[in-house]
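A short worksheet on the structure shown next.
Read-outs throughout are calculated quantities, based only on the coordinates presented, and are distinct from any laboratory measurement. Quick caveat: nothing in here was measured; it's all calculated off a predicted structure. Cβ placement follows ideal geometry from the backbone for every residue including glycine, while neighbour counts extend to all protein chains displayed.
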Amino acid sequence: MHNVSEKPQPSLDVLIIDDDRVTCYLLTVLMKQKSLRASYVYNLGEASATLKKQQYDILFLDNYLPDGFGVDFIEKAKQINPGLTIIMMTAEDTFKDIEIAFTKGAEYFLPKPFTKEGIKHIFENVIPECLKQKAQIIPREMD
């Protein structure tokens with residue numbers, strides 16, 4: 001008889017930065033329904049401290065926060081955690097806002113208020129891609 005050990009299934013750690021408690025709660029519930037580990041903070045100061053304590057795979061980042069603009073935090077977040085996938089969120093989704101977010105390093109843009117299509121895109125495209133990337137870096141056990 002052979003013992004077959006399954007390859008570890010990667011999970012993702014998600015950090016949500018938004019000063020709107022309802023948005024944080026909604027995204028956290030949606031992430032946990034997909035078996036993702038999610039936590040949230042309400043401002044950039046907390047976000048910086050949190051990113052230094054733990055590695056995250058995905059960052060949902062609001063643009064208008066009490067202590068600054070999310071777009072100005074993108075580069076710092078990437079310096080702290082280079083493999084981070086950033087999903088910028090804002091109700092101000094002009095072409096210029098989107099262009100600035102992408103130029104600074106955001107990979108995706110999720111307009112607020114959220115639509116079913118926007119959330120569906122995240123779950124069908126962004127999360128599977130992040131899982132695929134994470135699965136490639138999980139060390140394989142030697143036989």
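With everything on Cα atoms, drop me the angle between helix 44-53 and the longest principal axis of the chain, reported from 0 to 90° to the nearest 10.
Relative to the chain, helix 44-53 is tipped by roughly 20 degrees.
Dividing the convex hull volume of the Cα atoms of the range 58-143 by its residue count, what figure in Å³ per residue is obtained?
Details: hull volume 9.2 nm³, N = 86.
Measuring per residue, one finds 107 Å³ for the Cα hull of the range 58-143.
Among 105, 127, 71, whose Cα projects farthest towards the positive end of the dipole of the chain, with charges put on the beta-carbon of Lys, Arg (+1) and Asp, Glu (-1)?
127
Would you kindly state how much longer the chain becomes between residue 120 and residue 39 on full extension, computed as 0.36 nm times their sequence separation minus their alpha carbon distance, in nm to one decimal?
Going from the current span to full extension adds 27.2 nm.
What's the extension gain from residue 67 to residue 103 if we count 0.36 nm per residue and subtract their Cα-Cα distance? Please report the intermediate quantities before stating the final value.
Details: separation 36, 0.36 × 36 = 12.96 nm, distance 2.15 nm.
Extra length available between residue 67 and residue 103 comes to 10.8 nm.
As a footprinting exposure proxy, order 89, 31 by other Cβ within 10 Å, with the fewest listed first.
Listed from fewest to most nearby Cβ atoms, that is 31, 89.
Within 10 Å of each residue's Cβ, count the other Cβ atoms and sort 13, 20 from fewest upward.
On the way: 13 17, 20 14.
Ranking 13, 20 by Cβ neighbours within 10 Å, fewest first, gives 20, 13.
Mind checking which of 36, 14, 80 is farthest towards the positive end of the chain's charge dipole, using Cβ charges of +1 (Lys, Arg) and -1 (Asp, Glu) about the Cα centre?
Farthest along the dipole direction, towards plus: 36.
Please list, or write none, the aspartates and glutamates whose alpha carbon is within less than 20 Å of the alpha carbon of residue 116, excluding same-chain residues fewer than 8 places away.
Correct list for residue 116: 18, 20, 62, 92, 93, 107, 124, 129.
How high is the relative contact order of the chain, in percent, counting Cα pairs under 8 Å that sit 6 or more residues apart?
21
To the nearest 10 degrees, how steep is helix 95-104 against the longest Cα principal axis of the chain, on a 0 to 90 scale?
50
All other residues with a Cβ under 13 Å from the Cβ of residue 72 taken together, and with Lys, Arg as +1 and Asp, Glu as -1, what is their net charge?
Numbers: positive: 76, 78, 104; negative: 62, 67, 75, 97.
So the surrounding residues net to -1.
At a threshold of 8 angstrom on Cα-Cα distance, excluding pairs fewer than six apart, so keeping six or more, what relative contact order does the range 63-143 reach in percent?
25 percent.
Obtain the nm distance between the two label points defined at residue 135 and residue 20 by a simple spin-label model: each point lies 7 Å from its Cα along the Cα-to-C-beta direction.
Placing both labels 7 Å beyond Cα along the Cβ direction yields 3.3 nm.
Which net charge results when you count Lys and Arg as +1 and Asp and Glu as -1 among the other residues whose beta-carbon is under 11 Å from that of residue 130? Mind showing how you got there, number by number?
On the way: positive: 132, 134; negative: 13, 57, 107, 129.
That works out to -2.
Running Debye on the range 1-128 with equal point scatterers at the Cα sites and no solvent, what base-10 log of I(q)/I(0) appears at q = 0.12, 0.14, 0.19 Å⁻¹?
-0.43, -0.57, -1.05
Return the calculated 222 nm mean residue ellipticity for the chain, to the nearest 500 deg cm²/dmol, obtained by summing -39500 (n - 2.57) across DSSP H runs with n ≥ 4 and dividing by the residue count.
-11500 deg cm²/dmol
When DSSP beta bridges are limited to those with both residues in the range 13-136, what percentage is antiparallel, rounded to the nearest 5?
10
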